[in-house]
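Trainee: Structure incoming, see below.
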Amino acid sequence: MLSALIALIVLALVALLILPRYLGFRAQSPAQYATLGPKFDARRHLNGPILCEGVIFGPLGRVTSRFVAQMHGTWHENQCRLTERFLYDSGVEQNRAWDLTLGADGVLNAAADDLVGAGLGRVEGNAVQMRYKIRLPAASGGHVLNVVDWMYLMPNGTIMNRSQFRKFGIKMAELVATMRPADPMVAAPVTAP
């Protein structure tokens, strides 16, 4: 009886750890979005000034941080420089510059100073998926996290972004944000709360 209970508990734990990998957020495939519109055109939708607003959830699902970011994408043929300036509710500012290369087949290669290795993604239909490893700042422990990042284009041109950050397969954080074109003449500078 006790061994059956232990076996059942072990099986349940294994299911909790393994099934999401094959059925959940990380298991999505860009091909699943290939026929859905509107079509995500990286050169158009990641171009010019972009306003981004979002929240970061900790491992227990509670909001641990909120942010507003000003982004700017500049394309030269199939190469993009996407700069980001984040201001968190704590008053901390963070800057990042992505170098993106879009292949004719929808493959998206990414590089940034805090990435470990290169990021690899794919644009299909109304979605973009990116996978990469990111090194957190020293003030946040300097850990390297595996990231699965999805952007979904909405009918009104807004991009919904959802990212999960994992270490040893365990979800450490999740980011949910909106990204939309910002009018450079109207966009107010980001200031600390």
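The values are calculated or read from the model by the stated rules, or taken from the named source; none is laboratory data. The shown structure was predicted, so the numbers you read here are calculated from the model rather than taken from an experiment. Because the Cβ atoms are built from the backbone with ideal geometry, glycine has one as well, and the counts that use them run over all protein chains shown.
Trainee: Here's a check for you: in region 168-179, which residue that is loosely packed, with under 15 Cβ neighbours inside 10 Å and not β-branched (Val, Ile, Thr) is modelled with the lowest pLDDT?
Mentor: GLY169
Trainee: Among the residues of region 47-88, write down those that are acidic (Asp, Glu) and on the phi > 0 side of the Ramachandran plot. It would help to see each step written out before you state the result.
Mentor: Step one: list which residues in region 47-88 are acidic (Asp, Glu), which gives 53, 77, 84.
GLU77 - this is the single residue of region 47-88 that is acidic (Asp, Glu) and on the phi > 0 side of the Ramachandran plot.
Trainee: Among the listed residues ARG81, ARG85, ARG62, which satisfies the condition of being without any contact (Cβ under 8 Å) to a residue 12 or more places away in the chain and either touching a Lys or Arg at 6+ places or on another chain (Cβ under 8 Å) or farther than 18 Å from GLN129 by Cβ (or both)?
Mentor: Going through ARG81, ARG85, ARG62 in turn, just one is without any contact (Cβ under 8 Å) to a residue 12 or more places away in the chain and either touching a Lys or Arg at 6+ places or on another chain (Cβ under 8 Å) or farther than 18 Å from GLN129 by Cβ (or both): ARG62.
Trainee: While we're here: Out of the residues in region 139-159 meeting the condition of being in contact with a Leu (Cβ under 7 Å, 6 or more places away or on another chain) and surrounded by fewer than 17 Cβ atoms within 10 Å (Cβ to Cβ), tell me which one is modelled with the lowest pLDDT.
Mentor: Filtering first and then ranking leaves GLY142.
Trainee: Which pairs turn up if I take residues in region 155-172 that are touching a residue at least 40 places away in the same chain (Cβ under 8 Å) and among the hydrophobic types (A, V, I, L, M, F, W, C) and look for partners that are outside any strand (DSSP E or B) and loosely packed, with under 15 Cβ neighbours inside 10 Å with beta carbon separation below 6 Å, at least 6 apart in sequence or on another chain?
Mentor: MET172/PRO59
Trainee: May I pose another question? When the residues of region 125-138 are narrowed to those that are in contact (Cβ under 8 Å) with a residue 40 or more places away in the chain and of a type in the set (A, V, I, L, M, F, W, C), which ends up surrounded by the most Cβ atoms within 10 Å (Cβ to Cβ)?
Mentor: Out of the qualifying residues, it is VAL128.
Trainee: Can you tell me which condition GLY157 does not meet? The list is (1) over 19 Å from MET179 (Cβ atoms); (2) of a type outside the set (A, V, I, L, M); (3) in a loop (DSSP other than H, G, I, E, B), and all the others hold.
Mentor: Only one criterion in (1) over 19 Å from MET179 (Cβ atoms); (2) of a type outside the set (A, V, I, L, M); (3) in a loop (DSSP other than H, G, I, E, B) is unmet by GLY157, namely (1).
Trainee: Additional query: Has region 80-87 got any residue that is over 20 Å from ILE159 (Cα atoms) and either under 15 Å from the mean Cα position of the chain (by Cα) or assigned to a loop (DSSP other than H, G, I, E, B) (or both)?
Mentor: no
Trainee: Let me confirm something: among LEU17, LEU8, LEU2, LEU108, which residue is at pLDDT 85 or above and either surrounded by 15 or more Cβ atoms within 10 Å (Cβ to Cβ) or of a type outside the set (S, T, N, Q) (or both)?
Mentor: Values: LEU17 fails: at pLDDT 85 or above; LEU8 fails: at pLDDT 85 or above; LEU2 fails: at pLDDT 85 or above.
Matching residue, one of LEU17, LEU8, LEU2, LEU108: LEU108.
Trainee: Counting only residues that are among the acidic types (Asp, Glu) and under 22 Å from ALA139 (Cα atoms), which one in region 49-104 is surrounded by the most Cβ atoms within 10 Å (Cβ to Cβ)?
Mentor: Only one residue tops the list, namely GLU84.
Trainee: So, one more: Here is a list of conditions, (1) modelled with pLDDT under 85; (2) assigned to a helix (DSSP H, G or I), and THR35 meets all of them except one; can you say which number that is?
Mentor: Against the list (1) modelled with pLDDT under 85; (2) assigned to a helix (DSSP H, G or I), THR35 comes up short only on (2).
Trainee: Could we say that ARG162 is modelled with pLDDT of 90 or more and either more than 22 Å from VAL68 (Cα to Cα) or assigned to a loop (DSSP other than H, G, I, E, B) (or both) here?
Mentor: No; evaluated as a whole, the condition is false for this residue.
Trainee: What's the total number of residues in region 105-124 that are out of contact with any Gly (no Cβ under 9 Å at 6 or more places or on another chain), in a loop (DSSP other than H, G, I, E, B) and closer than 28 Å to GLY142 by Cα?
Mentor: Final tally of qualifying residues: 5.
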